[in-house]
Amino acid sequence: MTTAAPTSDATDEPALLAAVDVSKHFTVRDQLGRKATVRAVEHASVALHRGRVVALVGESGSGKTTLARMLAQFHPVSSGEIRLAGHRAPPAGRGYFRQVQLIFQDPFSSLNTLHKVRHILGRVLRVHGHAHTRAEVEEQVLSLLNRVNLTPAEEFIDKRPREMSGGQLQRVAIARALAVRPTVLLGDEPISMLDVSIRLDVLNLLARLCDEEGLALLYITHDIASARYLCDEVQVMYAGQTVEGGPKEAVIQSPKHPYTRLLIDSSPDPDRTGRGLRDQDDAEDLGEPPNLTAPPDGCRFHPRCPFAMDDCRRAFPDRTTFADGQWAHCWLHQHGRSAELDRTTSKELP
Amino acid sequence: MSQFLTNGKVRIGLAVFGAFLLIALIGSWLVSSVLGTDPHRIDYDALGAAPGGEHLLGTTTSGQDVLAQLITGCRGSVAVGLLSGVLAVGVAALVGVTGGFIGGRTDQMLTAVTNIFATLPSFPLMLIVAGYMANVGPVAIALLIGLFEWPVCARYLRAQTLSLRGRDFVQALRMVGESRWRMVLVEIMPHLTGILSSLFLRAVVTGVFTEAGLRFLGIGGGDSVTWGTMIAFAQQQEGVVRGMWWWFAPPGLFIALLGTATALVNFGLDEIGNPVLRHSSRAAVRRATAHMAARRDRTNTVEVAS
Amino acid sequence: MTARPLDTARSASAPSSALRGEPLLDVSRLTVEYVTERGAVLACNEVSFTLRRGEILGLAGESGSGKSSLITALTRLQRLPALTTGGEIRYHTRDGHLLDLVTLDERRLRPLRWTELAIVLQSAMAAFNPVMRLKAQFADVIVEHQPGITGDEVAERTGRLLRMVGIAPERAHSYPHELSGGMRQRALIALALACEPELVVMDEPTTAVDVVMQRQIMAQILRLQRRLGFAVVFVTHDLSLLMEIADRIAIMYAGRIVEIGAPQQLYTDPLHPYTRGLRDAFPPLHAPLTKLAGIPGSPPDLRDPPPGCAFHPRCAQRLPECEQVLPRLHQVLPQHGERQVACLLHDSIDPGGEAS
């Protein structure tokens, strides 16, 4: 049984935006009309604070995007609660979206290709009453473009999406979110569709917005290296369950959940000095994430876990908290077998 | 848009369309001022005359000038086509886009209505209704055609809107608080202009066809002249039996030409929307061959020079 | 003729084994253009490289770098408006013949497909026929190149191929959509290896799968490659992945190869500023974090490429002449082995030159 334990708070002020013990179950129908329930997210909690970046890391189907969309109130929660500045969040609408904005993964489809940047950004400013006259709109659009480093802004203001590259489009999308003047940004894999050489600039831009303007950011990604680069705190999700979280260096350098370890070991890393791909003579078949219409009982990672034991099949473990506020949901820690995790990995890591 | 107008098929199709539209517009002036006649005037000296002489396209059995009728008929036919097209696409846009965009129960209801209309055997029903109303004018016929033509268009539009609604940009606009109506009119509708114009052209031609069909079967009255009435009279007054081809062939040909024009425009639109079609076209092969030849010349020159 | 055994390593007498390290593919000055209504666009511009038997060549580049155009030209899968307008692809067959894949007609190309060169595409869902069971699709390929083979033999071979990539042979009865993404991708790799090709071209075969699966698939590819000895051209935008698997890496930018060399060389001492930028574009997983900067600007518009070195508008180290002079891909410093770079900063061919 998972408890709705609050995320370790560094500050006393309430989180700008928080999901408290939220779950999401979708009902789907197959071709024959049979109903099935997809258990996309189970008892997840995340808290976003002013000026801090939390990364939500997981593979596709881990529920990270669903969690973000619950935070954006695109999907209502099945259970649990979304809290805005310490209070139950108002229903989705202008009031809510004035605080919380989402940046989509694919900038090519998140902007209307038929309109100029001036219209795309200007409409938002008008809708939210930040600008009324044509001159005000122009002035503020230019300043938004400058804020997202689209310079010279005068050159970009009359461009249409198809005249821009992916990186430039994503900046426009970020500018559109900023035009609302939100306090929280949710980034749903904001760089994964971009060219490699421009990803870092977008990450740096997001980092700057958090540092200088005090935005709270949720960064959703499958790329744990970029999460380490950008964020303060990491949460790892697997098949709808949050398996581990805490300060980034603690989680990435000494993971306390076997899945986090697998994820880190699987990420390409040119600095890897231990067992590289070339020396791996026998790739063990590690299986694949489960089907979420019929997920395994207990910890959903147990069919792939080298440490699986009876308890793992029975129930999802409670949270174990470590020094630095790192925490994990793994029976190894409940059974005092934490050391095994480290021992096994010492062979694989430098 | 620029792509749209550079496509050869689209250009030809639109040119034909434009020509018919022009004739429809200035037709009555052409007939009265240039030909100096009117489609109903009877020339008792030339009953059922073959083309030539005073009557370029001959006359009908009752001595009416075929050319004058053809030109006036263009106006009648195109007017019926346009009116039915506007009605069909208008209703379709209202039903299809609304259903597709709003979704949920509204959509289910609208889809049900669309399906009911779509499954009705439209032509026989039109016959019955028109026959029952007896002596209906062209406007009523156009409305009737439009009424049975919209469901097909509505389905297309609903599907398109549905896919647009799922796109991220619509979600994003919702997040920034854009109002629903602006979302439909300013953000979504512009994406549908291509399909709307293609549907409209098709509806116009279907209108012309259906009107001709109804007239041929003797539905509708009044003294309006359309290509349909020309063929119908040619048949009723034994023009067909007597081999007076100049009477019924030109309107038939014009109807076919209008159909071909629409088909060309729609082929062109397909090519623009589907690059595979475009690049497998003969033009692409021709371009490629020419490019290779030019390149070979260039390389040879360089080699000689160096 | 019977099939060479798949499950045992090739015997030393097998020609490909003896020839390992010999050139397999000589690409010289290959030029691919897109001939559109609005004029021609150069997608690949005089690309030259040599691939040896049994070698894994990584091809890294961003969108629009020409890497996809290059491999569709290599495998002769290109469609109009793409057109190979210059250069040669000399392919050395097992029995010592030399074929130019650019000019080879379709009739003579056909027998080479699958047996000499095979391709693994990014999307297995698109590569497989969705309405045919896997076994039928394997049978198509196997029978085509080995007429007269019995049904049982085909089934047995299919099972063996699937097992080779870690899929249970019973899965041969499945339709592609019944497999998970990772499994489909592995099945596609098995299919590519069905006729034991000498060259397998892989176009981002793991971008559609997750990192854990990616690593498994990569390990499997490497294992099979070691055992069967085929050469690989591996295309991806993920330089950090290539660093781990490739024998050599070619970096493409705006339709040209700008640098080519061993992964270690490229990683520790990238010569081209673009290579350096690309290397630094991947934040480290364990090394100390520093503030990294991407490469400023955007990839060039190939319809209107910048004059001179296409990278110069984004290059921090550009020289005045970079705007006019097109650097050629050339050897640098003999001790670098086969290291080549196309950059005016490294213009000297003689050792001890002012290359830095």
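The values are calculated or read from the model by the stated rules, or taken from the named source; none is laboratory data. Owing to the predicted nature of the structure, the values given are computational and were not obtained by experimental measurement. Positions of Cβ are generated from backbone atoms using ideal geometry, with glycine treated the same way; all protein chains shown enter the neighbour counts.
Couple of notes before you dig in:
- In the range A:209-232, the residues that are of a type in the set (Ser, Thr, Tyr) and either in contact with a Pro (Cβ under 8 Å, 6 or more places away or on another chain) or in a helix (DSSP H, G or I) (or both): A:219, A:226, A:229
- Residues of the range A:231-252 satisfying the condition of being surrounded by fewer than 24 Cβ atoms within 10 Å (Cβ to Cβ) and among the aliphatic types (A, V, I, L, M): A:250, A:252
- From the options B:139, B:152, residue that is under 18 Å from the mean Cα position of the chain (by Cα), loosely packed, with under 15 Cβ neighbours inside 10 Å and in a helix (DSSP H, G or I): B:139
- Cβ-Cβ under 6 Å pairs, at least 6 apart or on other chains, the range A:328-350 side part of a helix (DSSP H, G or I), far side at pLDDT below 70: A:348/A:274; A:348/A:275
- Residue match in the range C:258-277 (condition: modelled with pLDDT of 85 or more, charged (D, E, K, R) and in a strand (DSSP E or B)): yes
- Candidates A:203, A:277 - the one that is at pLDDT below 90 and of a type outside the set (D, E, K, R): A:277
- Odd one out for residue A:159, checked against (1) charged (D, E, K, R); (2) farther than 30 Å from residue A:338 by Cβ; (3) surrounded by 22 or more Cβ atoms within 10 Å (Cβ to Cβ): (3)
- Options C:190, C:231: the member that is out of contact with any helix residue (DSSP H, G or I) (no Cβ under 7 Å at 6 or more places or on another chain), of a type in the set (Gly, Ala, Ser) and at pLDDT 85 or above: C:231
- Condition met for residue C:318 (exposed (fewer than 15 other Cβ atoms within 10 Å of the Cβ), modelled with pLDDT of 80 or more and in a loop (DSSP other than H, G, I, E, B)): no
- Any hit, the range C:46-65, residues being within 14 Å of chain A (Cβ to nearest Cβ), over 16 Å from residue C:300 (Cβ atoms), of a type in the set (Gly, Ala, Ser) and part of a strand (DSSP E or B): yes
- Tally of residues being over 13 Å from residue B:66 (Cβ atoms) and over 24 Å from the mean Cα position of the chain (by Cα) across the range B:226-243: 7
- Selection of strands (runs of 3 or more DSSP E) fully inside the range C:80-185 by the criterion of at least 1 residues being within 14 Å of chain B (Cβ to nearest Cβ) and either closer than 26 Å to residue C:67 by Cβ or β-branched (Val, Ile, Thr) (or both) returns C:82-92.
- Matching residues, the range A:89-102, being part of a helix (DSSP H, G or I), within 8 Å of chain B (Cβ to nearest Cβ) and not aromatic (Phe, Trp, Tyr): A:94
- Hits in the range A:53-112 - residues which are more than 30 Å from residue A:204 (Cβ to Cβ) and touching a His at 6+ places or on another chain (Cβ under 6 Å): A:78
- Condition check for residue C:52: crowded, with 16+ Cβ neighbours inside 10 Å and charged (D, E, K, R): yes
- Looking across the range A:286-300, just one residue is among the acidic types (Asp, Glu) and more than 13 Å from chain C (Cβ to nearest Cβ), and that is A:297.
- Restricting attention to the range B:155-171 and to residues that are hydrophobic (A, V, I, L, M, F, W, C) and crowded, with 24+ Cβ neighbours inside 10 Å, the residue that is farthest from the other protein chains (Cβ to nearest Cβ) turns out to be B:157.
- The selection criterion, being closer than 19 Å to residue B:202 by Cα, in a helix (DSSP H, G or I) and touching a helix residue (DSSP H, G or I) at 6+ places or on another chain (Cβ under 9 Å), holds for residue B:95.
- Filter result for residue A:79 (within 14 Å of chain C (Cβ to nearest Cβ), surrounded by fewer than 20 Cβ atoms within 10 Å (Cβ to Cβ) and not β-branched (Val, Ile, Thr)): no
- So residue A:53, is it surrounded by fewer than 21 Cβ atoms within 10 Å (Cβ to Cβ), hydrophobic (A, V, I, L, M, F, W, C) and touching a Leu at 6+ places or on another chain (Cβ under 9 Å): no
- Within the range A:257-272, restricting attention to residues that are outside any helix (DSSP H, G or I) and modelled with pLDDT under 90, the residue that is surrounded by the fewest Cβ atoms within 10 Å (Cβ to Cβ) is A:271.
- When C:252, C:243, C:213, C:218 are checked against the criterion of being within 13 Å of another protein chain (Cβ to nearest Cβ), touching a helix residue (DSSP H, G or I) at 6+ places or on another chain (Cβ under 7 Å) and outside any helix (DSSP H, G or I), a single residue qualifies: C:252.
- Checking each residue in the range A:233-256 for being touching a helix residue (DSSP H, G or I) at 6+ places or on another chain (Cβ under 6 Å) and part of a loop (DSSP other than H, G, I, E, B) picks out only A:255.
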